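> Here it is, the structure, as structure tokens.
Laboratory data are not the source of any read-out in this text; all were calculated from the coordinates shown. Since the model is a prediction, treat every value here as computed from it, not as a measurement. Methodologically, a virtual Cβ is constructed for each residue, glycine included, from the backbone with ideal geometry; neighbour enumeration extends over all protein chains shown.
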């Protein structure tokens with residue numbers, strides 16, 4: 001349980017820090033093809049989780065993930081709230097019901113599928129899925145954390161070449177091409193930060 | 001709250017508090033107090049956006065055991081409304097439907113239909129006739 005506590009606390013702080021440091025940039029990306037509030041929304045969500053960190057880090061990992069997801073839903077707003085929320089809620093639920101034969105990559109894969117269903121979108125639509133799926137592929141391959149982080153960053157950049165099929169950016173049609181998707185960008189920032197944290201993390 | 005009222009409830013969800021409230025005003029003008037009605041507009045800070053907690057409160061406020069029809073504007077309003085409905089849990093979540101219809105016209109027509117005692121399915125179908133399929 002002590003391991004969970006340190007890990008959960010560390011991840012909450014890491015995610016909040018990286019979003020706070022890049023919130024303005026995320027808003028800037030969102031202004032180009034959306035409504036300009038992605039950074040603000042993500043920061044509001046991460047702050048809400050951070051405020052609740054003592055309670056959350058006292059929970060088993062599965063339960064904490066589910067509660068963090070719920071907090072994100074209730075606080076991020078926009079389409080990102082339900083999408084990030086669904087990812088964590090599903091991961092928590094799957095992990096909780098599957099604790100004895102934990103294949104974490106498979107759990108993450110199922111949670112990503114739930115995000116795709118929630119957003120009624122698929123890979124190539126210029127969304128956070130274009131980072132989540134490649135990251136998942138690397139997880140299945142059991143790639144090194146550094147490699148997973150690089151994949152996340154590269155995948156986010158690749159969304160610049162895509163035409164948005166979902167969300168407000170899709171109203172722009174071809175004019176959405178040439179801009180990195182803000183959701184993919186925040187997803188890559190979080191994935192990268194989490195990989196770096198886990199690389200340094202030593203269970204007590 | 002309004003579980004005893006026999007008419008279907010109407011909830012309006014917009015990114016803008018002004019749009020949500022304005023739409024609710026137009027519904028009220030049409031049907032008075034004959035239909036449970038509530039709205040949610042904007043993010044938690046009162047700016048443009050959506051928030052699931054607010055939508056959940058709006059559904060509770062317009063609750064009817066005969067069902068609730070929800071009208072949304074853009075993507076995030078729909079996704080957050082779906083999330084809020086799921087959070088109600090079964091069996092209540094099965095009594096709430098998001099209408100694929102223009103928010104203002106849909107809400108007014110649905111409310112008119114609901115005020116005559118129509119079922120949720122009929123209220124939704126009438127509003128959705130407005131949407132090109």
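> Looking at the calculated P(r) for segment A:95-161, what percent of the C-alpha pair distances fall above 18 Å?
42 percent
> Over the whole of A:78-86, what's the average partner chain Cβ count within 10 Å per residue? Rounded to a whole number, please.
6
> For residue A:104 and residue A:201 in one chain, what is 0.36 nm times their gap in residues minus the Cα-Cα distance, to one decimal in nm?
Working it through step by step, the gained length comes to 33.2 nm.
> Further question: R0 = 41 Å: FRET efficiency of residue A:153 with residue B:100, Cβ-based, nearest 0.05?
0.65
> Thinking of segment B:1-77 as a set of Cα atoms, what percent of all their pairs are more than 15 Å apart?
Tail of the P(r) past 15 Å holds 50 percent of the pairs.
> Quick check: the angle from helix A:38-51's long axis to the longest principal axis of chain A, C-alpha only, nearest 10 degrees?
The angle comes out near 10 degrees.
> Need one value for B:79-87: mean number of C-beta atoms belonging to other chains within 10 Å of its residues' C-beta atoms.
Per residue, the average neighbour count from other chains is 5.
> Here's another thing I want to ask about it. Would you calculate, for chain B, the mean residue ellipticity at 222 nm contributed by helices, counting each DSSP H stretch of 4 or more residues as -39,500 (n - 2.57) and dividing by all residues, to the nearest 500?
After summing the helix terms and dividing by residue count, I get -14500 deg cm²/dmol.
> OK, next. In Å, the Kirkwood hydrodynamic radius of the protein assembly as shown over pairs of distinct alpha carbons?
Final number for the Kirkwood radius of the protein assembly as shown is 20.8 Å.
> Do the sum for chain A: with -39,500 (n - 2.57) for every DSSP H run of n ≥ 4, divided by all residues, what is the mean residue ellipticity at 222 nm, to the nearest 500 deg cm²/dmol?
-24000 deg cm²/dmol
> When a footprinting reagent is the concern and you count Cβ atoms within 10 Å, what order do A:102, B:23 take, fewest first?
So the residues, fewest neighbours to most, are A:102, B:23.
> Give the calculated FRET efficiency between residue A:140 and residue A:6 to the nearest 0.05, with a Förster radius of 22 Å applied to their Cβ-Cβ distance.
0.25
> I'd like to compare A:130-139, A:171-180, A:19-28: which one has the highest average count of other Cβ atoms within 10 Å, and what's the full order after that?
Taking the mean over residues of other Cβ atoms within 10 Å, the ranking is A:130-139, A:19-28, A:171-180.
> Viscosity 0.692 mPa s, temperature 37 °C: give me the Stokes-Einstein translational D for segment B:9-126 in µm²/s, with Rh taken as the Kirkwood radius over C-alpha pairs.
243 µm²/s
> Shape verdict for segment A:2-200, please, from the Cα gyration tensor: rounded (a/c under 1.5), prolate (a/b greater than b/c) or oblate.
prolate
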